[in-house]
Structures are given as structure tokens and as C-alpha cells.
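In what follows, a structure is listed as C-alpha cells, so that the remarks can point back to it.
Taken together, the values in this text are just the output of simple stated rules run on the coordinates, not laboratory data. The structure presented is a predicted model; accordingly, all values stated were derived computationally and were not measured. Every residue, glycine as well, gets a Cβ built from its backbone with ideal geometry; the counts of neighbours run over all protein chains shown.
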Amino acid sequence: MLTSLPLILSKAARGHYAVGAFNINNLETLQAVIAAAELERSPVIVQTSEGAIAYAGMEELASLVHIAAKKIRRPVVFHLDHGKNFNLVARAIKSGWYTSVMFDGSSLSYKENVRLTQKIVALAHRHKVSVEAEIGAIAGIEDFVTVEDRDANLTNPKQAAAFARATKCDALAVAVGTKHGAYKFKGESALDFGRLKEIAEAVRIPLVLHGASGVPTNIKNICTAYGCEISSAKGVSDTALRKAVSLGIRKVNVDTDLRLAFDAGIRKFLKERPEVIDPREILKPAIELMTKVVRQKMRTLGSNGKG
Ligand code: G3H
Ligand code: 13P
Ligand code: ZN
């Protein structure tokens, strides 16, 4: 059933676990995420980005999510991911489809981010929709040129606390060294756990980790064995993810791992079964691999059995 973000994240805080937020772009990704939530008895956040909406349509994706959420017994939040366009976020809030939205003002000045987030929060709360906001900038979407540049863009704990108080947002995405996409780290993965601890001590609302895909080795190996050129891809390890959760992360965003599993499933199947032309057969292994990846992530986050 559909539910609210603050409700599942406050339960997660009490139980010291995090809830996965998985990006969907089509029916197949949604099927995998919902199947995983059902099998793991886990709460789940299903989210669509502006790109997903441009690809498939807001109403089209939203109707699929609403029907799927009605059919399963686990709590499902339907969330807009990285809403940067003020009008699109307002449209999502007013549509009645979304139970939660993210307004991403991280590329704006602090003052402008506060001002627009406040406006979105006021509108959203009137419609009983929750708001995730962002302070600091998560690389990948807003890539950085130098290491100094990167550090300057990580979230400042005091500023995060002031931002949360000023905007009254319901959850806060913080930048602590993760990056969107498949290429997060060149050498050792370097999350700033000291900074995360300070943020968690200063900020009272649930914290969100973006760019949390792990680039699982088994999936990466299938991709590369069947022609995908991603040999230097590297993600956030399960150990790092568990540590982030132990320090106070309550929502964990994952998109790239689903893309990799989708890709792996399709490439392998097409190579091994070149005679098949039915898309339903071609996409089935992709759904199965994505389901496995999402189940694994739910176990790492500790949300299994909590739905
Ligand atoms: O954080 C961004 C998500 O991975 C969504 O990516 O904008 O390509 O849909 P997208
Ligand atoms: P990944 O690219 O690590 O999957 O991050 C996804 C994300 O943060 C969506 O908002
Ligand atoms: Zn993100």
C-alpha cells in the first residue's frame, strides 16, 4: 500500500536501518523493485527522476506505481527524485500521484536554495506530500573539477542544521563523498564518515544518501563478459553502506545498480539466445537480475522483514 516517507523513515530511525529508494523508468524496473519488496517483506521507496518522466510520462509511470502499490502488502512511497525544475515539482505535488518529492536546489546559492525549498515545502505540506531537500552537491550530476572543489561542495554540518530548520523539509540529502553513476571512486572508496557523524548529530530529520550503488562484482562481470565496457566502474561497498546507515542514513538512493543488472540480463540473453525476438522473453532475465540486486540491497540496509 502507498504510505508516507516520514512514517517509514521514522520507523527506520527507531529500528536503526535504512529504506532503499530505487529509480524506475519502465514497467520492468518497477516489477523488479516491487517483487523484491514483497519477497524481502521490506518497505520500499519507488522514485522517478525528471529524466524518467521525460522518457515515459508522469501519469504513465505514476499509474503503474499506484496499481503495483495497491497489490502488495508492503509499504510503498512514491517519490519524485531530483526535482530541479520548480514547476515540475509543483506539478508532481498537485497531481495527487506522489506521496513525496525531492526539491534539488543544490546547484543554487544557499539563499536561493532556502527560499525555493521553503516555497515547495509550504505547497507540499498543504497537499500532505513530504519533501526531501539537498544541501551540498553530490558529484555525477554536478561534477567537480578538483579535490578541493569536491571538499568545498560536501555538506557542512552547521549549515545543514540551519537549512533543515529554515526550510522545515522532511528529509535531507547530504553530500559526504558519494557520486552518481558507475564510476564513483578511482582508488579506495572515500566516504567522509566523520562529516556524516557530525551532520547526524546536528540535524534532527532523516538523512538521505544519494549515489549509493555498489556496482556488484557478479553483475559487473556479466556486463563485461557480454561486451559492456565498464571495467573501471566502482561503487559504494556494502561495508561502507552499513557504516553510513549506522551513522544515521535512513534513505538510500540506487539507480545505477538496476541499470547494470538490466544491461547484464539483456546482453547475456541476446548473446545466448539469438533466435528469440519476443521482448517479453528477452526482458525476463533482466527483471530477475534486477530483483536479485534490489533484494540484496534491502538486506544490506536492514529493511528486510520490516515491511
Ligand atoms: O540521481 C540520478 C538518477 O540516477 C536518475 O538519473 O536523471 O538519468 O534518470 P536520470
Ligand atoms: P547511483 O547512481 O549510485 O545509483 O545513485 C542514484 C541516485 O542517487 C538517484 O537519486
Ligand atoms: Zn541522486
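The A190 and A166 beta-carbon pair, evaluated with R₀ = 30 Å, returns a calculated FRET efficiency of approximately 0.50. Taking 27 Å as the limit for the C-alpha separation, the pairs K186/K297; K71/K184; K111/K306; K11/K71; K234/K297; K11/K168 exceed it in the case of K71/K184; K111/K306. For segment 263-307, list residues with backbone N below 16 Å from a point placed 7 Å from the Cα of H16 toward its Cβ? Residues 300-304 fall inside that zone. Distance between the 7 Å Cα→Cβ label points at E272 and S107: 4.1 nm.
Which loop-located trypsin sites (Lys or Arg not before Pro) does segment 46-94 contain, where loop means any DSSP state but H, G, I, E or B and the Cβ has at most 11 other Cβ atoms within 10 Å? Passing sites in segment 46-94 are R73.
Using the alpha carbons alone, the radius of gyration of segment 7-82 stands to its Kirkwood radius in an Rg to Rh ratio of 0.97. Here the spin labels are modelled as points 7 Å beyond Cα on the Cα-Cβ line, and at T217 and E60 they lie 3.9 nm apart. Our helix-only sum for the chain, with -39,500 (n - 2.57) per DSSP H run of n ≥ 4 divided by its residues, gives a mean residue ellipticity at 222 nm of -16000 deg cm²/dmol. Among the GluC sites (Glu not before Pro) in segment 163-217, those placed in a DSSP loop whose Cβ has at most 10 other Cβ atoms within 10 Å are E188.
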